[in-house]
Amino acid sequence: MTDTPADRIARATPPAIARRVRGLPDRVIAWIFVAPTIFLLLAVNIFPLIWTIRLSFTNFAANKPNAEVKWVGIRNYTRILTDADTWANMQTTAHFLIWTIFFQVLIGFALAWLINRKFKGNDLVTTLIVIPMMLSPAVVGNFWTFLYQPQIGVVNYVVEFLTGIPADSFSMLGPGGWARWSIVIVDTWMWTPFVMLICLAGLRSIPDYIYEAAEVDRASKWRQFWTITVPMALPFLMLAVLFRGIENFRMFDLVVLLTGGGPGDETLLASIDLKREAFEKWRTGYSSAYAIILFVTVFGLASIYVKALNRVKQR
Amino acid sequence: MNRMRLIPAALAAAIASAGSAQAADLTLCWAAWDPANALVELSKDFEAQSGIKMNFEFVPWPNFADRMLNELNSGGQLCDLMIGDSQWIGGAAENGWYVMLNDFFDKEGISMNAFVPATVTGYSEWPKNTPNYWSLPAFGDVVGWTYRKDWFERPEIQAAFKEKYGRDLTPPATFAELKDVAEFFQGREIDGKTVYGASIYTERGSEGITMGAMDVLYSYGFKYDNPEKPYDMEGFVNSDGAVAGLEFYKSLYDCCVAPGTSNTYMGEGIDAYKSGQVALHMNFAFTWPGFEVDPNVGGGKTGYLVNPAGPNGEKFAQLGGQGISVVANTDNMDGALAYIKWFAQKDVQDKWWSMGGFSCLRAVVEDPNFAKSQPYAQTFLDSMAIVKDFWAEPSYATLLQASQQRFHDYVVAGNGSAKEALDGLIADWTETFQDEGKL
Amino acid sequence: MSAHSVTAASRKAKWVAGILVVLYAVLTLLPLLWIISTSFKSGPDSISYPPKVFFQPTLEGYVNLFTTQARASAEDLATLTPPEAWYDEIAWADGMIIVGPSRFGQRFLNSVIIGFGSTFLSIVLGTLSAYAFSRFRVPLRDDLLFFILSTRMMPPIVVAIPIFLMFRSLGLSDTHAGMILLYTAVNLSLAVWLLKGFIDEIPRDYEEAALIDGYTRFQAFVKVVLPQAATGIASTAIFCLIFAWNEYAFAVLLTSGNAQTAPPFIPTILSVGGGIDWPAVAAAATLFLLPVVVFTILLRKHLLRGITFGAVRR
């Protein structure tokens, strides 16, 4: 240990003064550093949460302030959970969630891995690739509807050019089963860069000496990839998945603009259904219960996931 | 549970001083669309005369109801004047969001007889057909059709039509004829482009497909309920005529729209029509002034049609449009009423019409020169005489969501039959009315 | 790291990687190019059927975006003096008169204030918390961290109503401060979690050395940890800005004339003839994208400086 003047003084002085010399004790600093964040989050999140939980046991309707508000116990919850439509919407959400994450991780990680080859101009290309996620979901939803439009949009003509399938013979957002894939395409287009950036940060945090050691051990590139690259980048990758998962579970604006939940109910995500209940039907009590159910679902899934994430990190 | 009701009230009291506009100002809230811009121009005269500064808050259509109903629900003070959608009137009246205007009208000598009757019923009255007025009709609107007059007039197209159908190609007077015309144009080559029959409403998200389907169903005999017994819907919503009407709407969707028009409402319809994709186009009348000046379809290329008749010759059209109301929470009641008084004047209404605002004042629309003032004026007038509107109940949004889902599922996604869709609709609506305690 | 490092990719591998990534970049930028090209189209060209790849460029979309216009009849136009400014001429050609500026400038400015304000605040609070969680034994650390994360799980549309009421009672509704606080709260979970990951990676030896050198804990944090965390802070700032810049649902429900940002405005710009003014929407989308892109390019070095990062750890 180096013996600095400060240390010498510290050792020579009584503890109280030493602390002043060193500044505030760590525990106090820790609280000063954490408190504003916790306070802000409590203020902006806990109040609405309590309000929502409370309302979820009532028949309150925000558009009827004069109507008598009654406690209805868990009726809102039983109504939602026994409604077949809820489960259909949950399946739609699951389809959207699973496939967007699958494609974003696959493409995002592959891109990060390729970019990490550090070819010339890689930083420029990276910056360009990131642009789609900088657009507003409102703009993206609007413009992709425009692009998907079979007559004046460009997507169908590109498909015709590439595959020969006539542009006016299919509709990406219409009936025929394409709609639920079209929303996956748009979300993947927009958010793959997010996964890519976080993966890239992970890949670049892997020190070279580990690979060098592996080279010395004559490990094949393939083996290095699976025993070094993937495990070392995994915590970052899992973090990206966590955030994309949470976001897409509650996202609604993009899909509302693209399909409005149609055709029929084909792309009616649970989050869109919730928005309708809350802001179009104004069933505030019912939608509060719905929101709590969705919240608990994500909360439960995320807590299991975070435990796994922590285990991966500790390895 | 009374305490709970106090929360918003207490909050409202606490913030009473925090109104956004100064007392002398007025804020008018409406949807962000073309007529709103015209109203800003029109209102400059009011500002000059009264010295009151006008602020405007225009919210895009897709969020208009969310935003404004949230504002009204929570006792907000953003808006002094509201041009709210016609279906809000029931909720606004029952919850006390709007000021009842009867006394004011009496005092100022404003008579509701001076306005087109359908707009008074549609925009101002609650309960319907009673003399309780909650707004002054501000912007008349109705679903009608535009067609490509220039295509209809081409000899080769006329000849081809005559050969196929044995009659002249004329603007359709019945829905059966309309479908023939649409079928005729579907897939036809015109000026080197494939064109399609018709653009109709199919939008899922807000109210599109309901507005479109209802526009047809009325003329096929659909009724919301038993005229003798309110909320009795069996045999009215799902009458044979209504089933036939919905089947017709689906057949029109299946045969004669451009591929991929599975989510079309006002904006998409305008784009399809202006870009020359379709021969016939269903839309609200507010779109018509824009077509007249469009480089592609303006200058006489467009003809205007009143909604065609159904199989029994009945003829109705879906109402749009709004009235202007005073928000009960306003801190400038006098100013708000002064605006309405100003707006109701004949010369202001004349100017309103000339700027593209569809006036509801009879003195304007019944003027002998009115019909000739614009190519679409007569069509607008005729259409306004046959309007019907969706439920205006306080729970209209829930009722609307049900019809959106049922209609889109049948017409666009192709699930089930028309009868099943309408039976299901009765079940949904019955449930809503039961929740409301009306059944 | 030396040029002949065993881990450096071979020339051939670099080429293949480069080509694949560039291919992806081209593919992913095509929709964006379409938006930008639409912004230079005339109204009819923008909805032309079939779509036009080649067209006569015009600035009509940009003029419409920044101005409010009124239709003038031919007689009216005849009585007016011909326009002088180029933008007046563009409107004139469509039979329109410019009557004033549009609200886009104000909305854009609001976006700048709220977007950058909340990004700054998120980064300050997030870095402090992340550092504390990373370095100190905070009681219930994992639970607090999960609480922070969980604040992002609530569907925004539902909390909008209580937040609306709360903001009003605090006088925060439709204010810049209110929106900055709200977006900061939403962004904090991401900021804390990402930054903690980056700070965890910074070796403690340097700080400890600094402490031993007589720095206070705070000085060590500012002078030693922050510079090393710059990479993480930069990339986190980009993510925070992107969210706050583009947020739509809260903006549309909680703000009106005073503090409304641009996203609720952009998709609904209507042409005077009715219908959506696609060139103006595209112009707005293009202009609105620029500040974020510039911000990203400015921070690019940090964002992509993992190389030195790895060297530090080594």
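No value in this document is a laboratory result; all are computed from the given coordinates. What you see is a predicted model, and the numbers here were worked out from it, not measured in a lab. Virtual Cβ from ideal backbone geometry, glycine too; neighbours counted across all protein chains shown.
Bin width 5 Å, alpha-carbon pairs only: give the P(r) of region B:306-347 as whole percents, running from 0 to the bin holding the largest distance.
5, 17, 15, 13, 9, 10, 8, 10, 9, 4, 1
Is the shape of region C:105-264 rounded, prolate or oblate, going by the alpha carbon gyration tensor and its root eigenvalues a ≥ b ≥ c, with a/c under 1.5 for rounded and a/b larger than b/c for prolate? Mind showing how you got there, number by number?
Numbers: a/c = 2.67, a/b = 1.97, b/c = 1.35.
Prolate, because a/c is 1.5 or more and a/b exceeds b/c.
Can you list residues whose amide H is under 5 Å from B:Gly321's amide H, if they're 5+ apart or on another chain and H is modeled 1.01 Å from N?
The list, which skips near neighbours in sequence, is B:Asp141.
Report the longest stretch of chain B that contains none of the GluC sites (Glu not before Pro) sitting in a DSSP loop with at most 14 other Cβ atoms within 10 Å. Before the final figure, lay out each step's value.
On the way: sites that count: B:Glu153, B:Glu228, B:Glu234, B:Glu314, B:Glu366.
Result for the longest clean stretch: B:1-152.
Identify unpaired cysteines across the protein assembly as shown, taking unpaired to mean no other cysteine Cβ lies under 4.7 Å from the residue's Cβ.
Taking the Cβ cut-off of 4.7 Å, the unpaired cysteines of the protein assembly as shown are A:Cys199, B:Cys360, C:Cys240.
Taking region C:47-97, which GluC sites (Glu not before Pro) meet the DSSP loop condition and have no more than 14 other C-beta atoms within 10 Å?
Numbers: sites: C:Glu60, C:Glu75, C:Glu84, C:Glu89; in loops: C:Glu84.
Hits after loop and neighbour filter: C:Glu84.
Fewest Cβ neighbours within 10 Å first, please rank B:Cys256, B:Cys360 accordingly.
Numbers: B:Cys256 25, B:Cys360 30.
Lowest to highest Cβ neighbour count: B:Cys256, B:Cys360.
Let a ≥ b ≥ c be the square roots of the eigenvalues of the Cα gyration tensor of region A:198-249; is it rounded (a/c under 1.5), or, if not, prolate (a/b larger than b/c) or oblate? All intermediate terms of the calculation are to be shown ahead of the outcome.
On the way: a/c = 4.87, a/b = 2.73, b/c = 1.79.
Prolate shape, in that a/c is at least 1.5 and a/b is the bigger ratio.
Residue by residue through region A:298-304, which ³J(HN,Hα) values in whole Hz follow from phi under the Karplus form 6.51 cos²θ - 1.76 cosθ + 1.60 (θ = phi - 60°), with glycine and proline marked x?
My calculation for region A:298-304 gives 5, 4, x, 4, 5, 5, 4 Hz in order.
Within 10 Å of each Cβ in C:63-70, how many Cβ atoms from other chains are there, averaged over the peptide?
Numbers: counts 0, 0, 0, 0, 0, 3, 1, 6.
Neighbouring Cβ atoms belonging to other protein chains average 1 per residue here.
Whose amide H sits under 5 Å from the amide H of C:Thr68, counting only residues 5 or more places off or on another chain, with H placed in the peptide plane?
Long-range HN contacts for C:Thr68: C:Val99, C:Gly100, C:Ser102.
Show me, for region C:204-219, the HN-Hα J-couplings you get by feeding each phi into the Karplus relation (A = 6.51, B = -1.76, C = 1.60, θ = phi - 60°), rounded to Hz, glycine and proline as x.
6, 3, 4, 4, 4, 4, 5, 4, 5, 6, x, 5, 6, 4, 5, 4
Counting only residues 5 or more places away or on other chains, whose amide H sits under 5 Å from the amide H of A:Leu173 once H atoms are built in the peptide plane?
Correct list: empty.
For the protein assembly as shown, give me the percentage of DSSP beta bridges that are antiparallel, rounded to the nearest 5 percent.
Values: 30 of 45 bridges.
Within the protein assembly as shown, antiparallel bridges account for around 65 percent of the total.
Taking the square root of 5 times each eigenvalue of the Cα gyration tensor, what semi-axes in Å does the equivalent ellipsoid of region B:143-318 have, largest first? Display every interim value, and only then the final one.
Working: eigenvalues 164, 65, 39 Å².
Equivalent-ellipsoid dimensions as semi-axes: 29, 18, 14 Å.
Take every DSSP beta bridge whose two residues both sit in chain B, then give the antiparallel share in percent to the nearest 5. Write down the numbers at each step before the final one.
Values: 23 of 38 bridges.
In chain B, DSSP labels about 60 percent of beta bridges as antiparallel.
Looking at chain C as a GNM with Cα springs under 10 Å, which of C:Ala230, C:Ala85, C:Ala282 has the largest mean-square fluctuation?
With Cα springs under 10 Å in chain C, the top fluctuation among C:Ala230, C:Ala85, C:Ala282 is at C:Ala85.
Can you give me the convex hull volume of the Cα atoms of region A:80-314, divided per residue and expressed in Å³? List each step's numbers first, then the result.
Numbers: hull volume 36.7 nm³, N = 235.
Enclosed volume per residue, from the Cα hull, is 156 Å³.
Need one word for the protein assembly as shown: rounded, prolate or oblate. Basis is the Cα gyration tensor (sqrt eigenvalues a ≥ b ≥ c); a/c below 1.5 gives rounded, then a/b vs b/c decides. Spell out each step's value before the answer.
Numbers: a/c = 1.91, a/b = 1.57, b/c = 1.22.
Prolate is the answer for the protein assembly as shown, as a/c is 1.5 or above and a/b outweighs b/c.
Cα centroid distance between region B:294-317 and region B:379-438, in Å?
24 Å
Is there a simple number for the mean count of other chain Cβ atoms within 10 Å of the Cβ of residues in B:29-42, and what is it? Don't skip to the end; give the middle numbers.
On the way: counts 1, 0, 1, 5, 4, 7, 1, 1, 7, 3, 0, 4, 4, 0.
Per residue, the number of nearby Cβ atoms from other chains is 3 on average.
Mind sorting A:Arg54, C:Arg168 by how few other Cβ atoms lie within 10 Å of their own Cβ, fewest first? If you can, show how the numbers build up before the last one.
Numbers: A:Arg54 15, C:Arg168 23.
The most exposed by this proxy come first: A:Arg54, C:Arg168.
What's the FRET efficiency of C:Lys12 with B:Asp435 using the Cβ-Cβ distance as r and R₀ = 60 Å, to the nearest 0.05? Let's see the in-between values first.
Details: r = 69 Å, r/R0 = 1.16.
It comes to 0.30.
Would you mind giving the mean number of other chain beta-carbons within 10 Å of the Cβ of each residue in C:199-210, as a whole number? If you can, show how the numbers build up before the last one.
Details: counts 0, 2, 2, 0, 0, 0, 0, 0, 0, 1, 3, 0.
Across C:199-210, the average partner-chain Cβ count within 10 Å equals 1.
May I ask you to list the trypsin sites (Lys or Arg not before Pro) in region B:160-237 that are in a DSSP loop and have at most 14 other Cβ atoms within 10 Å of their Cβ?
Sites meeting the loop and neighbour criteria: B:Arg167.
I'd like the FRET efficiency for A:Leu106 and A:Arg79, computed as 1/(1 + (r/R0)^6) with the beta carbon distance as r and R0 of 56 Å, rounded to 0.05. Each step should come with its number before you reach the end.
Numbers: r = 39 Å, r/R0 = 0.70.
Computed FRET efficiency for A:Leu106 and A:Arg79: 0.90.
Quick one: among C:Gln56, C:Gln260, C:Gln69, which has the greatest mean-square fluctuation in a GNM of chain C with alpha-carbon springs under 10 angstrom?
Sorting by GNM fluctuation, first place goes to C:Gln56.
Between B:Ile52, B:Ile89, B:Ile324, find the one with the highest GNM mean-square fluctuation for chain B; connect C-alpha pairs within less than 10 Å.
Fluctuation is largest for B:Ile52.
Could you put A:Arg223, C:Arg152, C:Arg71 in order, starting from the residue whose Cβ has the fewest other Cβ atoms within 10 Å? Intermediate results must be reported in sequence, preceding the final value.
Working: A:Arg223 12, C:Arg152 23, C:Arg71 20.
The order, fewest Cβ neighbours first, is A:Arg223, C:Arg71, C:Arg152.
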